[in-house]
Every structure is written in structure tokens, then in C-alpha cells.
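Engineer: Here's a structure for you.
All of the numbers you see were taken from the coordinates with simple rules; none came from a lab. The model shown is predicted, which means the values in this text are computed figures rather than measured ones. Methodologically, a virtual Cβ is constructed for each residue, glycine included, from the backbone with ideal geometry; neighbour enumeration extends over all protein chains shown.
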């Protein structure tokens, strides 16, 4: 049964650790934090920030055992702000990527933001992150995690949008009604980004 994540310290901690495992080999984080041990150490705090931000500005859905999580940003809040991220970081351990990591992130963040703005200008739901523990992948959990918002978006006549930097994810999202609306490579780093929109 899929339900809203409880905004407690323990739930957020467990969810952050699971998301760190789910995204450990994601191309974005491999690029931002190439060193395996450093990435393992930093990813839980980074995902803790995104989870707290999504709890404040959207909705977060999880499985009962926290082996999967979907972080959505609600219409009107689909462009994460630095101030909002800073406020989220104040409530947990900061994700200290360091100057090198920040320099790597800034052009990626700018590229993804422009792609998002060009792909969908109307009110929409933004699937910011969807992760399933590696030990539980391939069991349909990701699809079930998306359903509460997909159903609501259909009911309200709103599109949904996401980006992925993992080509293997594209067919999965296509199966759930998303279509590639943009596809490009971030200049200077070689990261390929697919922007996908689920229209009405």
C-alpha cells in the first residue's frame, strides 16, 4: 500500500538512506561525486534535503517498508529555489559537495532548469525524484509509487513532467504515459538528459 511519507526525523532518515542506495550509480551523482566512498557518505544528506523540500512544497509517497519513494513538487512550486533548499538543509545534515562539486552542479542545474521551462510552461506536477532500493527493483514498486499523483493529475487535467539522466529509465516512464519531449547533452560534462512529459 502506497501512502504519504510521515515527516518525522526517523522516516526521513530511513528514506534518505534508501534513496542514497537507489541513486548510488546514477550518472548525475557519479559525475558530481566520482569517489565511491565520498558519494556513499554524502548522498543520504543530499537526499534528505530533497525529501524535506518536497514535503514542504509538494508530496512524498512511500511504501510501508520504505523500499521506494516518489518526491513530487506541486503546481506552482515546480522550480526548486536555492533559498528553499537552504531552509531544508537547516533541518538536517547539509550535503557538503564542496567547491568542486558545486562547480560541477551549477551548469547541470542551469541546463536542466532551462530544459524544464521550455518543455512545460503550464501548471503541472514535477516528479523530482523516484527511487527504489536496488534489492527491490523490478517488482513494479516505482509504477505504484507514481499512481496517487498520476490519478490526481488526470482528474485535474494537469500534465506531469520529469527528467532522467539514465537512458534505461526512459522505457519505464514511457510505459506510464510519459513521452520524451527534449533530449540533450549538458555542455562541458557529457551528461545526457531526457525531459519527459505526461500530457492529458
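Engineer: Rounded if a/c is under 1.5, else prolate if a/b is larger than b/c, else oblate: which is the stretch 116-176, with a ≥ b ≥ c the root eigenvalues of its Cα gyration tensor?
Structural biologist: Working: a/c = 2.45, a/b = 1.46, b/c = 1.68.
Because a/c hits 1.5 or more and a/b fails to exceed b/c, the stretch 116-176 counts as oblate.
Engineer: Tell me, in nm to one decimal, what length is gained between residue 200 and residue 183 on full extension, where the rule is 0.36 nm per residue of separation less the Cα-Cα distance?
Structural biologist: Details: separation 17, 0.36 × 17 = 6.12 nm, distance 2.09 nm.
Contour length minus Cα-Cα distance gives 4.0 nm.
Engineer: Here is a further query. In a Gaussian network model over the chain where Cα atoms closer than 10 Å are linked, find which of 124, 25, 47 has the largest mean-square fluctuation.
Structural biologist: Top of the fluctuation ranking is 25.
Engineer: Please give the Cα centre distance for the stretch 104-135 versus the stretch 35-78, rounded to the nearest Å.
Structural biologist: The two parts, judged by their Cα centres, are 13 Å apart.
Engineer: How far apart, in nanometres, would the label points at residue 139 and residue 110 be if each is projected 7 angstrom from Cα along the Cα-to-Cβ direction?
Structural biologist: If labels sit at residue 139 and residue 110, their model points lie 4.3 nm apart.
Engineer: Sticking with this structure for a sec: Could you work out the Kirkwood radius for the stretch 3-198, taking every pair of different alpha carbons, averaging 1/r and inverting it, reported in Å? Can you show the working numbers first?
Structural biologist: Values: mean 1/r = 0.0592 Å⁻¹.
Mean inverse Cα-Cα distance, inverted, gives 16.9 Å.
Engineer: Quick one: if the Förster radius is 22 Å, what FRET efficiency do residue 3 and residue 172 give, using the C-beta to C-beta distance and rounding to 0.05?
Structural biologist: Numbers: r = 22 Å, r/R0 = 1.01.
Computed FRET efficiency for residue 3 and residue 172 comes out at 0.50.
Engineer: Relative to a virtual label point 7 Å from the Cα of residue 156 in the Cα→beta-carbon direction, which members of the stretch 43-68 show backbone nitrogen distances below 11 Å?
Structural biologist: Residues 58-59 qualify, since their backbone N sits under 11 Å from the label point.
Engineer: Right, next: Quote the FRET efficiency, to the nearest 0.05, computed for residue 122 versus residue 147 with a Förster distance R0 of 22 Å and r equal to the Cβ-Cβ distance. Each step should come with its number before you reach the end.
Structural biologist: Working: r = 22 Å, r/R0 = 1.00.
The computed FRET efficiency comes out at 0.50.
Engineer: Still on this structure, please answer the following. For the pair residue 65 and residue 38, what calculated FRET efficiency results from E = 1/(1 + (r/R0)^6), where r is the Cβ-Cβ distance and R0 = 41 Å, to the nearest 0.05? Display every interim value, and only then the final one.
Structural biologist: Details: r = 28 Å, r/R0 = 0.69.
Result of the calculation: an efficiency of 0.90.
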